[in-house]
Ligand code: AMP
């Protein structure tokens, strides 16, 4: 069975075609700048990368062009559309309506559309992607996999916000959490790597990418997570603020005359490590500048590592102890120095890093010493594989 995984953003369409017999990625890519006049597709196949410029107006045209490539002599990996058995869609927000992946029906599409109020930027492109598949590759069973679903096990005293209860009732204002597909994959994979049942482990997963969140996982279930009502909360990120004194927001709006949209833009795109350093949202640049003596880059690095360590301690409380910490996503998998600095804050809880093992990047690896009370691992995430596996499982049981 071959499963096509689709991840639609407002101006992008990412995809992977996965052979589920051996979970091999046959082709993958990203269509960028859809509807902006200068769209291009980056298509990767057989270890080669091709950039194909082809302006498109919408997701449907993007999908059509991408499917042509999958079928083509030059870049193709399939000879007929019949080879695609099913499609899995990444859906960033399922509110509290979905606690697991589901087969997409008309009713499910309406339910996903009803999440638009809480995810106005992310939901419309998903619905466009679903519609595009119905037109371009009709008749394929499709599955929705939600970033929020894994966190539906978080209990109410952990997801409720201390604001008047009427806002929870009126707007469903509560913590939802995101990156659930990654937290689920990494916690299960870590248990496998440790030769343990995930049900016997208390794990803190640190998904540290452009967007970043931590999750406390016990019995294989999310107990608490750092992102909340929106993905701007929790730990500070590359360009997002993370948690703040709420008065910072109202103070700035008054002093700078920001509209709500302008304020959101500051919190989402100009804050975090970029905001403090003034250098870049990319940790590679931060490390370079900090090592060359840039004081604000050093400050941003220190603030980030302290912040992540604080949140790990938070989840030690939520889990009543920690057996293992897993680092994943761009920074977690690659930034050796950041992992080291975070772990230095955690020596009190029995974390001992093996500095040599920690030199590794982007591979499954235990990086704590054999006598470390809390085990520390690098576990590369693979959200697309989770989407493909869920799709296969649901479609096989139809
Ligand atoms: P993500 O959102 O998971 O793609 O993570 C993006 C961030 O990870 C970037 O801003 C970098 O700071 C970091 N990153 C990604 N790849 C590498 C790499 N090969 N080496 C060092 N840092 C990396």
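Take the range 258-273 and flag every residue that is on the phi < 0 side of the Ramachandran plot, assigned to a helix (DSSP H, G or I) and within 15 Å of the ligand (Cβ to nearest atom).
Result: 268, 269, 273.
Conditions tested, residue by residue: (1) in a helix (DSSP H, G or I); (2) in contact (Cβ under 8 Å) with a residue 12 or more places away in the chain; (3) crowded, with 17+ Cβ neighbours inside 10 Å.
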| position | (1), (2), (3) |
| --- | --- |
| 248 | yes, no, no |
| 252 | yes, yes, no |
| 297 | yes, yes, yes |
| 302 | yes, yes, no |
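Among the listed residues 361, 389, 339, which satisfies the condition of being outside any strand (DSSP E or B), out of contact with any strand residue (DSSP E or B) (no Cβ under 6 Å at 6 or more places or on another chain) and surrounded by 15 or more Cβ atoms within 10 Å (Cβ to Cβ)? Give the steps one after another, and end with the answer.
Numbers: 361 fails: surrounded by 15 or more Cβ atoms within 10 Å (Cβ to Cβ); 339 fails: out of contact with any strand residue (DSSP E or B) (no Cβ under 6 Å at 6 or more places or on another chain).
The conditions single out 389.
Just to verify a result, which residue in the range 364-385, among those that are outside any loop (DSSP other than H, G, I, E, B) and within 16 Å of the ligand (Cβ to nearest atom), is nearest to residue 337 (Cα to Cα)?
The first filter runs over the range 364-385 and keeps only residues outside any loop (DSSP other than H, G, I, E, B), leaving 365-366, 368, 374-378, 383-385.
Add one more test, that the residue is within 16 Å of the ligand (Cβ to nearest atom), and what stays is 365, 378, 383-385.
Details: 365: 16, 378: 13, 383: 25, 384: 28, 385: 28 Å.
The selected residue is 378.
Results for (1) within 20 Å of residue 383 (Cα to Cα); (2) at pLDDT 95 or above; (3) in contact with a strand residue (DSSP E or B) (Cβ under 6 Å, 6 or more places away or on another chain), shown as yes or no for each residue.
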| site | (1), (2), (3) |
| --- | --- |
| 17 | yes, yes, yes |
| 27 | yes, yes, yes |
| 30 | yes, yes, yes |
| 39 | no, yes, no |
| 50 | no, yes, yes |
| 60 | no, yes, no |
| 63 | no, yes, no |
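Scan the range 274-289 residue by residue and report those that are within 13 Å of the ligand (Cβ to nearest atom), buried (at least 16 other Cβ atoms within 10 Å of the Cβ) and more than 18 Å from the chain's Cα centre (by Cα). If you could, list the steps in order and put the result at the bottom.
First, the residues of the range 274-289 that are within 13 Å of the ligand (Cβ to nearest atom): 274, 277, 279-289.
Narrowing the set further to residues that are buried (at least 16 other Cβ atoms within 10 Å of the Cβ) leaves 274, 277, 279-283, 285-287, 289.
Within the range 274-289, 274, 277, 279, 280, 285, 286, 287, 289 meet the criteria.
Checking the condition under 23 Å from residue 171 (Cβ atoms) and either in a helix (DSSP H, G or I) or touching a strand residue (DSSP E or B) at 6+ places or on another chain (Cβ under 9 Å) (or both), which residue from 124, 120 passes? Show your work before the answer.
Numbers: 120 fails: either in a helix (DSSP H, G or I) or touching a strand residue (DSSP E or B) at 6+ places or on another chain (Cβ under 9 Å) (or both).
Answer to the selection: 124.
Tell me the residue from 234, 177 that is in a loop (DSSP other than H, G, I, E, B), touching a residue at least 60 places away in the same chain (Cβ under 8 Å) and surrounded by 16 or more Cβ atoms within 10 Å (Cβ to Cβ), please.
Working: 177 fails: touching a residue at least 60 places away in the same chain (Cβ under 8 Å).
Only one candidate passes the filter, namely 234.
Can you tell me which residue among 333, 302, 347 is away from the ligand (no atom under 13 Å from the Cβ) and out of contact with any helix residue (DSSP H, G or I) (no Cβ under 8 Å at 6 or more places or on another chain)? Break it down into steps so the answer makes sense when it comes.
Working: 333 fails: away from the ligand (no atom under 13 Å from the Cβ); 302 fails: out of contact with any helix residue (DSSP H, G or I) (no Cβ under 8 Å at 6 or more places or on another chain).
347 is the lone residue from the list that is away from the ligand (no atom under 13 Å from the Cβ) and out of contact with any helix residue (DSSP H, G or I) (no Cβ under 8 Å at 6 or more places or on another chain).
Out of 163, 198, 223, 145, I need the residue that is without any contact (Cβ under 8 Å) to a residue 60 or more places away in the chain, touching a helix residue (DSSP H, G or I) at 6+ places or on another chain (Cβ under 6 Å) and more than 16 Å from the ligand (Cβ to nearest atom). Which one?
Among 163, 198, 223, 145, only 198 is without any contact (Cβ under 8 Å) to a residue 60 or more places away in the chain, touching a helix residue (DSSP H, G or I) at 6+ places or on another chain (Cβ under 6 Å) and more than 16 Å from the ligand (Cβ to nearest atom).
Give the residues of the range 315-330 that are part of a helix (DSSP H, G or I), within 16 Å of the ligand (Cβ to nearest atom) and in contact with a strand residue (DSSP E or B) (Cβ under 6 Å, 6 or more places away or on another chain), sorted by residue number. Steps first, please.
Start the filter on the range 315-330 by keeping residues that are part of a helix (DSSP H, G or I), which leaves 315-319, 329-330.
Those still in the list that are within 16 Å of the ligand (Cβ to nearest atom) too: 329-330.
Result: 329, single match.
Looking at the range 182-211, which of the residues that are in contact with a strand residue (DSSP E or B) (Cβ under 6 Å, 6 or more places away or on another chain) and part of a helix (DSSP H, G or I) is farthest from residue 228 (Cα to Cα)?
Result: 190.
Regarding the range 4-14, can at least one residue be identified that is farther than 23 Å from residue 92 by Cβ and surrounded by fewer than 15 Cβ atoms within 10 Å (Cβ to Cβ)? Spell out how you get there, then give the answer.
Here is the first cut: in the range 4-14, the ones farther than 23 Å from residue 92 by Cβ are none.
No: the range 4-14 contains no residue that is farther than 23 Å from residue 92 by Cβ and surrounded by fewer than 15 Cβ atoms within 10 Å (Cβ to Cβ).
Quick one: which of 236, 173 is closer than 21 Å to residue 261 by Cα and within 16 Å of the ligand (Cβ to nearest atom)? Walk me through it before giving the result.
On the way: 173 fails: within 16 Å of the ligand (Cβ to nearest atom).
Every option except 236 fails the conditions.
Condition (residue is under 18 Å from residue 186 (Cα atoms), modelled with pLDDT of 95 or more and more than 19 Å from the chain's Cα centre (by Cα)) applied to the range 325-345: is it met by at least one residue? Can you show your working first?
To start, the set of residues in the range 325-345 that are under 18 Å from residue 186 (Cα atoms) comprises 325-335, 339.
Now drop any that are not modelled with pLDDT of 95 or more, which leaves 325-335, 339.
If we keep only those that are more than 19 Å from the chain's Cα centre (by Cα) too, we end up with none.
No, every residue in the range 325-345 fails to be under 18 Å from residue 186 (Cα atoms), modelled with pLDDT of 95 or more and more than 19 Å from the chain's Cα centre (by Cα).
Please work out which one of (1) outside any loop (DSSP other than H, G, I, E, B); (2) over 29 Å from residue 188 (Cβ atoms); (3) in contact (Cβ under 8 Å) with a residue 40 or more places away in the chain is the condition residue 239 fails and give its number.
For residue 239, the exception is condition (1).
Would a scan of the range 307-314 turn up a residue that is part of a helix (DSSP H, G or I), in contact with a strand residue (DSSP E or B) (Cβ under 9 Å, 6 or more places away or on another chain), within 20 Å of residue 243 (Cα to Cα) and within 13 Å of the ligand (Cβ to nearest atom)?
No.
The values are calculated or read from the model by the stated rules, or taken from the named source; none is laboratory data. What you are looking at is a predicted structure, and each value in this text was computed from that prediction instead of being measured. Quick reminder, even Gly has a Cβ in these numbers, built from the backbone with ideal geometry, and neighbours come from all protein chains shown.
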